[in-house]
Amino acid sequence: MSPSSQFAAFVLVGALAALANFLSRFLFGLFMPFGPSIFPAFVVGLATAFFLNRAWVFTERRSTNWKTEAWRFTIVNLAGLVVTFAVSILCFEATKLLAEPGPAAEGVAHFFGLGSTAVFSFGAHRLWTFSG
């Protein structure tokens, strides 16, 4: 698969994983405040992204086993979690200046937080996580 096709597939998988993350955050939000609900939602998105990326995006032969890849994937995405959390909270605080805080503002803030790590994650996964 060419790098541009691979990136397109990565973005599609990322969108599906982000959707799982995004929707599950609302479910977790029924039981906990906005900020803390981002963390378990991130785990849902992480698991979705790992299995879909391994199956559909980074499909070349590997010399590493799935457990090693899973650890690498987790490390890369923990860095992404920090970015996602920081951007989400910053965006949420910014929306307070424009509108009343609530589920819509939380959703918009989280959406921008999720989108903030795509290029970094693709490079790290291509060069390290799934490099074989």
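Here is a check on your reading of the model: is Phe92 surrounded by 13 or more Cβ atoms within 10 Å (Cβ to Cβ), within 16 Å of the chain's Cα centre (by Cα) and of a type in the set (Phe, Trp, Tyr)?
no
Restricting to region 16-25, give me the number of residues that are under 13 Å from Ser121 (Cβ atoms) and without any contact (Cβ under 8 Å) to a residue 60 or more places away in the chain.
Looking only at that region, the number is 1.
Anything in region 35-66 that is charged (D, E, K, R) and either modelled with pLDDT of 95 or more or more than 19 Å from the chain's Cα centre (by Cα) (or both)? List them, or say none.
Glu60, Arg61, Arg62
Take the residues in region 110-129 that are assigned to a helix (DSSP H, G or I) and among the hydroxyl-bearing types (Ser, Thr, Tyr); name whichever of them is farthest from Pro36 (Cα to Cα).
Only one residue fits best here, namely Thr129.
If I go through region 1-34 residue by residue, how many of them are over 15 Å from the mean Cα position of the chain (by Cα) and of a type in the set (Gly, Ala, Ser)?
5
Mind listing whichever residues of region 88-103 are modelled with pLDDT under 90 and farther than 22 Å from Phe31 by Cα?
Thr95, Lys96, Leu97, Leu98, Ala99
Name every residue in region 52-83 that is in contact with a helix residue (DSSP H, G or I) (Cβ under 8 Å, 6 or more places away or on another chain) and surrounded by fewer than 13 Cβ atoms within 10 Å (Cβ to Cβ), in order of residue number.
Trp66
Taking the condition closer than 18 Å to Val44 by Cα and touching a residue at least 12 places away in the same chain (Cβ under 8 Å), does Phe92 pass?
no
Considering only residues that are without any contact (Cβ under 8 Å) to a residue 40 or more places away in the chain and loosely packed, with under 13 Cβ neighbours inside 10 Å, look in region 99-122 and name the one that is nearest to Ser5 (Cα to Cα).
Restricting to residues being without any contact (Cβ under 8 Å) to a residue 40 or more places away in the chain and loosely packed, with under 13 Cβ neighbours inside 10 Å, the top hit is Val119.
Limited to region 48-81, what total is found for residues that are farther than 16 Å from Thr117 by Cα and without any contact (Cβ under 8 Å) to a residue 12 or more places away in the chain?
Number satisfying all stated conditions: 6.
The values are calculated or read from the model by the stated rules, or taken from the named source; none is laboratory data. Keep in mind that this is a model prediction, so the values were computed, not measured. We place every Cβ from the backbone using ideal geometry, glycine too, and count neighbours over all the protein chains shown.
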